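J.: Starting off with a structure, shown below.
The values are calculated or read from the model by the stated rules, or taken from the named source; none is laboratory data. Just so we're clear, the structure is a prediction, and the values are computed from it rather than from any experiment. All Cβ positions, even for glycine, are placed from backbone atoms using ideal geometry, and neighbour counts span all protein chains on display. Accessible surface areas use protein heavy atoms only, side chains included; no ligands, DNA or RNA. Shrake-Rupley method; radii C 1.70, N 1.55, O 1.52, S 1.80 Å.
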Amino acid sequence: MSDTVIKAEHLSKMYKLGVINNGTLFRDIQSWFALKRGKEDPHSVLGENKYLGSDSEFWALKDLTFDIKKGDRVGIIGRNGAGKSTLLKILSRITTPTEGCVKIRGRISSLLEVGTGFHAELTGRENIYLNGAILGMKKREIDRKLDEIIDFSGIEKHIDTPVKRYSSGMYVRLAFAVAAHLDSDILIADEVLAVGDAEFQKKAIGKMNDISTGQGRTVLFVSHNIAAIKSLCNKGIVLEKGTLSLQSDTIDEAIETYLNGKNLADKITACILQKHSSINIDAIKVNGTENRVVNYHYNEALTIDIEGNTAKKQRICIELRIKNEFGECLAYYNRGHFIPQIEIEEGPFHISEEFRLPHIITGRYYVDLYLIDPCVMELLFAPTAFVLDASGVETLTGIALKYNDVGFIKIE
């Protein structure tokens, strides 16, 4: 507990839609008095169904419980509307939670929106003092770090120009420089690097990495740039519709959950249960097992067994599409276009096919299995069949890759 700097317990935040009170002054006073005493709002809905909301309520956060250790670099990821910004505003003490509490040990510096704490009519130099004061810096502290802040921002030429003439990139450069040089224990950054150029993003991520590993400070970083999240953070929190989907001690697990859902096996099973008018898939096995994470070694045979039933006799093509962790298709290997197609009879069927991926390099991949009707090129089945863990494969050189006519990379 001694190294825990942030501890959230049953944290929830509800916003009123269209109305801002309980309808009567007496009920408003009751709610206010309960809040001041640290009690639950007597007019709130009880039980789990309260988080379902109504036409007049919206729960941005729902019963979050987590803790963050000193020196952690935590990436908070989730889709738009998942509650990331609301969580950071509560941690920054900009807004209060509806339920639950947050215990914070240490000084916080926040960078939540471009231009927060800046006055448009003041110059960049004057805004350094203004923004620094808002973040809790003393004047002598700002004086001591002024040259370092200006140098890091990279806008020395324009530092005495009113910031109303700055671009959004210049805004965020200056704001991040002030926040990063504040002697705080916790740095919070919410999607602020999105408007910065590639050079500044690399510089900012390096700075956040340095203040965490070198100075033992905690960093909370929100971004939709998965590459930036992965390069900076060592732990992750995944939010989904206001709930805590996952808190992981590894950022890779958090990214995988965000990109592919909480349980890949459940997702695949749901795809298998989706029936087609002419063909149904009951089971998929890779190398004789239904384990969805397959360890792959160099030039190893990959045996795929498909069981199901069909309403009619037909021909099918089998195709594997290999994707990276960001969902981008890297390569494909098909069975049917350049070799004899597979013919299945009416009723139950079992297909066993062997694939070899001789040119795959070290990494972790997601493999989609496509079943295609070659007569009408109709897609019959296309789930993410399994995860291919090729971390033990030696990196190869001299691989010939080219784009084919549909835009995918084909391995020669």
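J.: Looking at the stretch 344-391, which of its residues are in a loop (DSSP other than H, G, I, E, B), under 24 Å from Ala311 (Cα atoms) and either modelled with pLDDT under 80 or among the polar types (S, T, N, Q) (or both)?
T.: Pro374, Cys375, Val376, Met377, Ala382, Pro383
J.: I've got another one for you. Keeping to the stretch 210-227, report how many residues are open to solvent by less than 10 Å² (accessible area, probe 1.4 Å) and in a helix (DSSP H, G or I).
T.: 2
J.: Next question, about the same structure. From Ser85, Ser110, which residue is hydroxyl-bearing (Ser, Thr, Tyr), over 22 Å from His181 (Cα atoms) and out of contact with any Gly (no Cβ under 7 Å at 6 or more places or on another chain)?
T.: One residue alone meets the criteria, Ser85.
J.: Taking only the stretch 295-309 into account, find how many residues are in a strand (DSSP E or B) and open to solvent by less than 10 Å² (accessible area, probe 1.4 Å).
T.: 4
J.: Also, quick follow-up: With respect to Ile272, is the statement that it is modelled with pLDDT under 80, closer than 21 Å to Pro348 by Cα and either part of a loop (DSSP other than H, G, I, E, B) or in contact with a Phe, Trp or Tyr (Cβ under 8 Å, 6 or more places away or on another chain) (or both) true?
T.: no
J.: Before we move on, is Ser109 crowded, with 17+ Cβ neighbours inside 10 Å and modelled with pLDDT under 85?
T.: It is true that Ser109 is crowded, with 17+ Cβ neighbours inside 10 Å and modelled with pLDDT under 85.
J.: Of (1) at pLDDT 90 or above; (2) closer than 14 Å to Tyr171 by Cβ, Ile150 satisfies all except one. Which?
T.: (2)
J.: What's the number of the only condition in (1) more than 35 Å from the chain's Cα centre (by Cα); (2) modelled with pLDDT of 80 or more that Gln341 fails to meet?
T.: (2)
J.: Which ones in the stretch 142-153 are in contact with a Leu (Cβ under 9 Å, 6 or more places away or on another chain) and open to solvent by 20 Å² or more (accessible area, probe 1.4 Å)?
T.: Lys145, the sole residue that qualifies.
J.: Among the residues of the stretch 177-199, is any open to solvent by less than 50 Å² (accessible area, probe 1.4 Å) and charged (D, E, K, R)?
T.: yes
J.: Anything in the stretch 70-97 that is open to solvent by less than 40 Å² (accessible area, probe 1.4 Å), within 13 Å of Lys13 (Cβ to Cβ) and touching an Asp or Glu at 6+ places or on another chain (Cβ under 8 Å)? List them, or say none.
T.: Ala82, Lys84, Leu88
J.: From Lys235, Lys241, Lys207, which residue is open to solvent by 20 Å² or more (accessible area, probe 1.4 Å), under 26 Å from Ala179 (Cβ atoms), in contact with a Gly (Cβ under 8 Å, 6 or more places away or on another chain) and modelled with pLDDT of 80 or more?
T.: Lys235
J.: Select the helices (runs of 4 or more DSSP H) contained entirely in the stretch 56-156, then report the ones holding at least 1 residues which are farther than 28 Å from Gly214 by Cβ and within 29 Å of the chain's Cα centre (by Cα).
T.: 84-91
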